Every structure is written in C-alpha cells, then in structure tokens.
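Each remark here refers to the structure printed beneath this line.
The values are calculated or read from the model by the stated rules, or taken from the named source; none is laboratory data. What you are looking at is a predicted structure, and each value in this text was computed from that prediction instead of being measured. Here Cβ is always computed from backbone atoms with ideal geometry, including for glycine, and neighbour counts include all displayed protein chains. Heavy atoms of the whole protein, side chains included, go into the accessibility calculation; ligands, DNA and RNA do not. Shrake-Rupley method; radii C 1.70, N 1.55, O 1.52, S 1.80 Å.
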There are 2 protein chains.
Amino acid sequence: MRSSGIDRRDIAVIAAEVATAVDLAEGPAGVLDVLRAVARHEPIAVRDVSRHAELPVPIVAAICNELRRRNVVDSQRPVRLTESSRSAFAVGGWQDGGRCPTCDGRGIVVPAELEAIGDELDRLAEAMPEAKVELDQTHCTVDTKLRRVMLMAELGLLTKRMVFLGDDDLTSLSVAHALSLTGETPSITVVDVDTDVLAFIAEQARTLGVHIDTVEHDLVKPLPEALLGAFELVFTDPPYTIAGAELFLSRAASALAPQIGHHILFAFGARRPSETVAVQRIIGELGLAVRSLQPNFNDYVGAGILGGTSHMYHLRTTDETAPLIVGEHEGPLYSADGRAAAVRRYQCVQCKHIEPVGPGERYPRIADLKQATCPQCGSEKFRPLSLNERPKR
Amino acid sequence: MRSSGIDRRDIAVIAAEVATAVDLAEGPAGVLDVLRAVARHEPIAVRDVSRHAELPVPIVAAICNELRRRNVVDSQRPVRLTESSRSAFAVGGWQDGGRCPTCDGRGIVVPAELEAIGDELDRLAEAMPEAKVELDQTHCTVDTKLRRVMLMAELGLLTKRMVFLGDDDLTSLSVAHALSLTGETPSITVVDVDTDVLAFIAEQARTLGVHIDTVEHDLVKPLPEALLGAFELVFTDPPYTIAGAELFLSRAASALAPQIGHHILFAFGARRPSETVAVQRIIGELGLAVRSLQPNFNDYVGAGILGGTSHMYHLRTTDETAPLIVGEHEGPLYSADGRAAAVRRYQCVQCKHIEPVGPGERYPRIADLKQATCPQCGSEKFRPLSLNERPKR
C-alpha cells in the first residue's frame, strides 16, 4: 500500500511551487528555511518563524498560507506541520542540540552583577520619548542593551572614546549605567537629529552623575569639524536601507581617528539577499574589515516586519578605510521613503549606460536587468554604483 | 608623591612606540590588542596571545619583547604584566564575564550523543596520511570537527547534497560518522588533489558502510563538468592566501546549483587587516552574502603562525552569485609560494596604470602607493583588481 505521507522529494517540489506563487526573492531555499523553522519549533508564531528564517513577517505569512493549501502546514495557529508532512523533517535528536543553550547561540552572556541595572534600564525605556517611525526609530529590548554592553566589554571597548551615531535606543545610557557600577568614567558622545532623545539622554546622564556629550546634528550633513577623527569606537544602528548603511558608515569612518584597528559596532537587519550583498560590498568599499557578524544579536520591542531582530557587525578600520560620502547626502534614506530601501544604480560595464534597479523600477532585480541585457548595447555585465558615486565615463 | 605606576595614557604612548618599532601593520591598536589579551589571561603563552589578538606568533613575540624593554611586560615566561603596569588594565569584575562559558563564545555546542564519535575521529586522525605543508594542509582538532558537524546541523545542512573542496582534515568522514548514529545517508563528494587523502577517505567510508564520492582534481583547473551546479552546500578550508580564497570560492560558486540561498561554509584565517578586506571584497564581488562570521571557530593541531585558529564564514548564494575565475588559475596559490600571500595588483582609476602592491614589491602596502601617487599620472585613486581580472583599458 502506498504511503500517504509527504517525503523530502515532495517537499522540494512544493518549495519550488510556493516560491513561485509568492514570488520569493530567496527562492525555494527561503521556503525550506521557513519549513525548517516550523519543524524545529512547532507550534510557532509567524513572527518567530520570521526571525529564524530571516524573512519579513508578511512574506512568512504568505508562504505559510500556500503551504496550508498544499497540506504541508496545518490550518491551526500558531504554525505547525501536518501529520503527513512531519516525517519529512524528522532528524536525529542530537541534531537539534547545536545552538548553545546558555547564550542562545550569540556567544555573549550577561553576568548577574550587570543584570542588576536591568530594572533601571526598564525604567528609562518607560520614561523615554516614543519611537518616531518616520526616523526608522525602533527601541531594542533591555536584554539587548545589556548584551551590547557585554559585547563591548568582551572586546575591551568600554574605555574607548566612543560616539553613537543615532541613539534612540539609549545604548549610551546603558554603557554609562554599567560603568557606574565600578565607578569608571565613560567617554561618550551622542549625535542625533532628534532633540527629544538628546535632551532625555543628557538629563538622565546628569541624574546618574556622569557627563554625556550630546550633539544635535542631521547625519545627511557632514559631521561637525570637532567630531572628525575624534573617536576610537562608533556604535550605530542606522536606517535599514542601503543608503542608510552607506551614509552612516561613511560618517563612522569620518568620526574615527585615522588609524588602523579602530572599531565600529554596526547593527543592521537583513532584507533581501541582494541587499545584504550590497551593504557588505559597501563595507568593503569603505576599507573596513568585518571581524565578526552575529545574526539576530539585537531584539527590538514591537513586531516590525523583520521579526524584530537585527544582526551585529563588528568592523575594524584598516589602512584603506575612507568614507564613501564626504559631502551632503541627497536622496531617500529611511525605509518610509520607500525607494531608499532597495533601489540601486547599475552601470553597464561595456557602454557605461546607467539603469536603476529596485522595486518600482523597470527592472526590480539585477537578475531582471541581466536577463533583459543592457537597453543600450545588449551587454549582460553590470556593476553596482555606490549610492553617491559619480559614474565612470 | 608621584606614583611610579604606568597609567593608561602612558600605555597609549608606549603602544605607538612599539607599533613603530616592530613596523606593525595593525598599528598601536594591535599592540593594545596584545596587552589586553595578556591582561585578561596572564600568565599566558605567546601562542594563546596570538589567538586572542589575531596576530601571527612571531609578531606577538616581537611585540612582547619591546614591551619587556619598556617595563610593561615582565621578563618571566609565560607572558605577564609587570606590577607597575597591571593597574592600567584593571577593569570591573563583571567586564570579564561576557564570553559565554558554555560555548567559549562560539555559539555552538556538541551534545554528549555526538561526543561519542570523538574517539573514532581521534583514531582516524592518528591513522591518516601526514599533513603536506606544501599544500597548506593543517589538520583541525577533533573538537573542531564535531563543532563543524553541529554547525551544519544547526543550519539544517546535513541532508544537503554537499561537496568538500579539499578535505585534508576529514570533515566529510566526521559528517558521515555523525549521520551513521541515526542511520541517515549522507550525500557527500570530496574533491582533492591529494590522492593519499582521497584513498583514506574512500576506504574509511567503506568501513563505515557509507559511500563518499571521491574526485581527484586540482582546483587550479575548472571543475569537471559533472560537478558544475550539482550541490547545495560547499565546505572549504582553502590555502590562506587572497589567491586561494578567490580561486576556491569561485569553484564553490561553480559547484553550487544556480539558485538563491545555497550555502558555503568557508574556513579562513586572518592575516593582515588589508588582506581581510581584500578577501571580503572578493566575497562581495562573487555576489555571496555573508550570513555569519564567527572568529576563531576552527582550532588546528600544531602551532602554525596564526596561533592555530581560523574563522568560519557562512555564505549564501544570491541572484548575483557567479564565479570570478572560470578558466584555469595561473600564478601562486599556497602560502609557501610567498608572493601569493599578499601581492595584489591595483589599477589607477585615472590613467589605468597597474601596480603590484605587497611584500617585496616597490609599494608594500596600498597606503604606500596612495601616498607616493600613481607613478604614471600622479593620481591617488586606485582600485584592486581581482587576481585573474583582465585590467580595464
């Protein structure tokens, strides 16, 4: 008698169908990532699937709906497999035991001594100004704040001259509170466009008896002279757009003293794979070395379309580090600007024609442009331009 | 009365002096990394400092000697601070507690069930052919093999069609042994130039009752037709040269099925910061997204100049993934070739003149070339050429 179960080969076919049905940039592999998250953690909320699979919540919801229609995912919520699909995902027990249970795979733990300031950070989070979505503000959790402090401690960065390029989640105050435990004096500057955030940070620092330099400044404009080359560590959690990464990391490069081995902690969320590559190319163009990249290091309060997490990059300067943008930045920057999220110009390697690629453009993905070939000369080779790069002629 | 101790400001001055004295590419920050490792772990062997500071052993030894002359490091071995310098590095107790004690900060643990195959892997390591240094072979520890298996398990990769591009440390057999615990059948191909290694792997797999495809092939030549686009996962621990990274990752891109979201696990050791940037730029040029980068994930048997560790990159394919090298590779490849380790050609953006940069060349570092300006036109702007790239005219 033929088994009515769904086997691994069926799953491969279904993953391909579903990827096509929801037009998934991540392809069948993205569907398999979702299924794997469900298999390991069922029953599981869509938001948590989003986090494990590193896909936006609405995309995960659409994938799950398609999988329900194909009897792979059950109709109940939270998400779970059906009886007939479950066996296709069965693995040996030991295979589920790889992620470190102590640190949840993040490599960093928070000692009890530091947990003690958690209540105070909770109070600050309650008291602070509300997040302004038009500035892509989202506040990280208190656990994340403590973890960031311990990451800095582990890297020996707490005594560095540090600047926060944007700090709506008050990591600066978390550092100040932590150092106050042992009576150490931090050297902290916070640059933000949001005067409410700056006033709150300055006031809370005063209450704590420490000084935090606050500088009101819109980072689309070059850094004030006094901040150029003045720091050893930059912390930034910029708008999650390619333009945001390029601009904030350029300002970071300008803020650091022109020596090898200085540090940037850069929180950035995954969007589409091609955007991850674009941001990582920018890091390379900036002459910054990635020393570590920890996925899902940062958790945020409230859902957010990316399952409320972002990755943490630890970057170090080299003898090639230089900002890509030195003047004023023009054009979109925040996610809410829409276009900024993904549009990038590509230049034909042969005839130098330039074509924008991204949502809402004639070619939504570089693969589309490559397939269509250059509208001017028919070549299939293009190179991405930096957002503020003057095209080569 | 003036204290005779050395304070933080003294240390900054001394770090700059020592960096100059040993001509350290990492600058004063590299000296501070060494001192920080000593302060946290003293007394500590030079080799362990090398690992923590991510600097080669001979460099660390030279730095420690300079620090001894300046009374910052004591004359005793293993390395320790002097009484008068120790206070400059004192930090609050909680600041030393950040690295997860369960997984040593690596995020991955090995369940007891899998530890059971450790003895068998020890036996294999004893019985296998000796490492051939001319091929940059170094064998990773059994702990590392188990950790690699668990990383694959955590990422859901053990059932993928996988190929090892070079496998002198027998990670393929470790996967096969692990899966045999639960009676699962792996899909493993090993490509290597070393017939001794291949024969050993094939024989040991037979003994275990599983099949591993072994393919004798020199990766300087394009992959055999049958392997092109045939896999979902590539594992590679290539020669630690820029040329090695570019070649092996290009072959990896060719070996993977042309779909988004396939996987490369890429073990690579840090050398100079500018080489890290060069390798990471190559990853970007290949259209590969770095999903995670875990420093010092891999430990190797025997010292090695890098303190016997390397980092683990998890890369995923995107719709832009394509090999940079498709034909035969010419030129140096292994560390023993000397030049391959660091020499790279740069092209003047203005006049297209090409200049090699690296040890033994007229300009040892790109910074030197930039400072000297283009010997042909005086421009200060250069772009790195891929190793097999035909310069643009």
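Couple of notes before you dig in:
- Sequence-distant lysines (8 or more away, or on other chains) whose Cα lies within less than 30 Å of B:LYS370: A:LYS160, A:LYS221, A:LYS352, A:LYS381, A:LYS392, B:LYS352, B:LYS381, B:LYS392
- Each Lys or Arg adds one and each Asp or Glu subtracts one; over the other residues with Cβ under 13 Å from the Cβ of B:ILE212, this totals -2.
- log10 of Debye I(q)/I(0), alpha-carbon scatterers only, for chain A at 0.15 Å⁻¹: -1.36
- Among A:PRO111, A:ALA61, A:MET162 - extreme Cα towards positive end, dipole of chain A, charges at beta-carbon: A:ALA61
- Taking a ≥ b ≥ c as the square roots of the eigenvalues of the Cα gyration tensor, an a/c ratio of 1.5 or more together with a/b larger than b/c marks region A:1-134 as prolate.
- Burial of 50 Å² or greater, region A:246-289 residues [accessible area, probe 1.4 Å, versus chain by itself]: A:ILE260, A:VAL277, A:GLN280, A:ARG281
- Per DSSP, loop trypsin sites (Lys or Arg not before Pro) in region A:94-181 with at most 15 further Cβ within 10 Å: A:LYS132
- Shown in residue order for region B:282-298 are the 3J(HN,Hα) couplings computed by the Karplus curve 6.51 cos²θ - 1.76 cosθ + 1.60 at θ = phi - 60°: 4, 4, x, 5, 6, x, 9, 9, 7, 8, 8, 9, 10, x, 6, 6, 9 Hz (x for Gly and Pro).
- Computed with a 1.4 angstrom probe on protein heavy atoms, the B-A interface buries about 5700 square angstrom of accessible area in total.
- Inter-copy label distances at B:SER87 (7 Å, Cα→Cβ; nm, one decimal): 7.3
- Averaged over its residues, chain A has an accessible area of 40 Å² per residue, based on protein heavy atoms and a 1.4 Å probe.
- Anisotropy class of region B:149-231 from Cα gyration tensor, a/c 1.5 cut: oblate
- Candidates A:LEU219, B:TYR240, A:MET312 compared by Cα position along the dipole of the protein assembly as shown: farthest toward the positive end lies A:LEU219, with charges placed on Cβ.
- Of the GluC sites (Glu not before Pro) in region A:258-328, those whose Cβ has at most 15 other Cβ within 10 Å and which sit in DSSP loop: A:GLU328
- Peptide-level mean, for B:105-117, of C-beta atoms on other protein chains within 10 Å: 5
- The order of the peptides B:111-120, A:88-97 by mean Cβ neighbours within 10 Å, most packed first, is A:88-97, B:111-120.
- Estimated D of the protein assembly as shown in µm² per second, where Rh is the Kirkwood radius over Cα pairs and Stokes-Einstein applies at 4 °C, 1.567 mPa s: 47 µm²/s
- By the helix-only formula, in which each DSSP H run with n ≥ 4 contributes -39500 (n - 2.57) and the sum is divided by residues, chain B has a 222 nm mean residue ellipticity of -10500 deg cm²/dmol.
- Rounded to the nearest 20 debye, the dipole magnitude of region B:23-84 is 180 debye, with +1 charges on Lys and Arg beta carbons, -1 on Asp and Glu beta carbons, and the Cα centre as origin.
- Residues of region A:78-98 that bury at least 50 Å² of accessible area once all protein chains are present, compared with their chain alone (1.4 Å probe, heavy atoms only, ligands and nucleic acids left out), are A:TRP94, A:GLN95, A:GLY98.
- Percentage relative contact order, region A:203-339, counting C-alpha pairs under 8 Å, at least six apart: 29 percent
- Its Cα centre serving as origin, the protein assembly as shown has a Cβ charge dipole (Lys and Arg +1, Asp and Glu -1) of approximately 1560 debye.
- In sequence order, region B:325-331 has phi-based couplings of 10, 10, x, 7, 8, 10, x Hz under the Karplus curve 6.51 cos²θ - 1.76 cosθ + 1.60, θ = phi - 60°, and Gly or Pro positions carry x.
- Computed over region B:68-207, relative contact order equals 18 percent, with contacts defined as Cα pairs under 8 Å that lie 6+ residues apart.
- Relative contact order of chain A, pairs being alpha-carbon contacts under 8 Å that are 6 or more residues apart, as %: 13 percent
- Chain B, accessible surface, carbon-and-sulfur percent (1.4 angstrom probe): 50 percent
- Residues whose placed amide H lies under 5 Å from that of B:ARG161, excluding near-sequence neighbours: B:GLU232, B:LEU233
- The residues of region B:159-194 occluded by other protein chains by 30 Å² or more of accessible area, set against the chain on its own, are B:THR159, B:THR182, B:GLU184; surface from heavy atoms, 1.4 Å probe.
- Amide H partners (placed H, <5 Å) of B:THR214, local residues excluded: B:VAL190
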